[in-house]
Structures are given as C-alpha cells and as structure tokens.
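Each remark here refers to the structure printed beneath this line.
The values are calculated or read from the model by the stated rules, or taken from the named source; none is laboratory data. In this text, all values refer to a predicted model and were calculated from it rather than measured experimentally. Cβ atoms come from the backbone with ideal geometry, glycine included; neighbour counts cover every protein chain shown. Only protein heavy atoms, including side chains, enter the accessible area calculation; ligands, DNA and RNA are left aside. Shrake-Rupley method; radii C 1.70, N 1.55, O 1.52, S 1.80 Å.
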Amino acid sequence: MARYLILDGYNLIAALDRYRRGGEEAGLEERRDLLVNDALKAAGWTDRVVIVVFDAHGTTEPRREEEHAGGAVRVIYSSAGETADDVIERLIESLDGPATVFTADFALQRTALIRGATRATPREFQDLLDELPVLARSPRSARRLRLAERISAETLRSLEEIRRREPRER
C-alpha cells in the first residue's frame, strides 16, 4: 500500500517564497519546473509517491498526466473547466493508501480531512524540503554516494530499526 503526498501546485507556488524568487522574470513554467523538481526530491527522501496537481491554466486541453522517476512523481494538469481541487478530491478517494494534501486553501483542507486524508500547509512542505540533506538541496555539487544510497530500501529500514533499539545493559 503506497503512501501519497498531494501538492496543490499553483497554490504552493503562490504561497512559498522559494517559487517567487527571481521576480517577474521567473515565468510560470520555470516555477512549475522548480516545484516538480522539489517533488522529486521529496519523493526520494520520504519514500512516498508525490502527486502535483495544476489547474488547467487558460487552456482548452484535456486532462494531462506525466510520470517522473518511474512513477515516484506524477504531475496532473486538470482539464478545461476542472479545478485542481476537483482532481485532488477525486484522487483522495481513489488512492490505495493514506494521503497528505499540501495546500493553503482552507476549503480544500476541510474536504481532505472529511474524506480521510491528512492536510498540511505550504509551510509544512517548505519544512519538509528544509529537512532534506544539504547535498539533495543543491544538486550542482559533486558528491560521493552514501551507504544509504547504495543499499536496498529494505536493508536500510532494517539497519534503522537496529539503530533505534534500546542499548543493551552490560
């Protein structure tokens, strides 16, 4: 059973300073790309599927969906006449596991809670990104692979369980 993070795309872009940097020179497409890049980092760090939903921004196109990193991140563009909120509400009910919805939209937060999802604010998404290892936050720096990146997720979980056990008395 997968666990999901659902991002209300344009809502996060409008709410967080990291997507407003660069002033008007930074176009909407560049901001969307930055959010999707952050979603990829969050998916890798949290081991959850991240779904980014964008409204059909002034288009008459049908609903469109893209997959990144083998499905770890899905990007959905709603169809004309459909809001991101509509898509998110349907997603919550159709997913096969627990979901957390990141949005500043109070009505969507309420709907998410009513439908069994957890709600989180844009600031909480920023906090999640701030928890990423420094090397993941700035991919331009050269780095060596850590042990955690060279072993399977199952082995890593087992080692983490051993690390968290209470020390034995001698």
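Looking for something assigned to a loop (DSSP other than H, G, I, E, B), at pLDDT below 85 and farther than 17 Å from I6 by Cα - is there at least one such residue anywhere in region 22-41?
Checked against the condition, which is being assigned to a loop (DSSP other than H, G, I, E, B), at pLDDT below 85 and farther than 17 Å from I6 by Cα, region 22-41 yields at least one hit.
Looking only at region 92-121, count every residue that is among the aromatic types (F, W, Y) and out of contact with any strand residue (DSSP E or B) (no Cβ under 8 Å at 6 or more places or on another chain) and tell me the total.
1
Among the residues of region 69-90, write down those that are within 15 Å of V52 (Cβ to Cβ) and hydrophobic (A, V, I, L, M, F, W, C).
A69, A72, V73, V75, I76, A84, V87, I88
Can you name the number of the only condition in (1) within 19 Å of D130 (Cβ to Cβ); (2) open to solvent by less than 70 Å² (accessible area, probe 1.4 Å) that A72 fails?
So A72 meets the others, but not (1).
When you check T103 against the structure, is it polar (S, T, N, Q), within 18 Å of R48 (Cα to Cα), open to solvent by less than 40 Å² (accessible area, probe 1.4 Å) and touching a helix residue (DSSP H, G or I) at 6+ places or on another chain (Cβ under 7 Å), yes or no?
Against the criterion (polar (S, T, N, Q), within 18 Å of R48 (Cα to Cα), open to solvent by less than 40 Å² (accessible area, probe 1.4 Å) and touching a helix residue (DSSP H, G or I) at 6+ places or on another chain (Cβ under 7 Å)), T103 qualifies.
Within region 6-25, does at least one residue satisfy the condition of being among the β-branched types (V, I, T), over 23 Å from A153 (Cβ atoms), in contact with a helix residue (DSSP H, G or I) (Cβ under 7 Å, 6 or more places away or on another chain) and open to solvent by less than 40 Å² (accessible area, probe 1.4 Å)?
yes
Given the criterion closer than 14 Å to Y10 by Cα and more than 16 Å from the chain's Cα centre (by Cα), identify the matching residue among L35, L28.
L28
Please work out if E89 is under 18 Å from A2 (Cα atoms), open to solvent by 30 Å² or more (accessible area, probe 1.4 Å) and in contact with a strand residue (DSSP E or B) (Cβ under 6 Å, 6 or more places away or on another chain).
no
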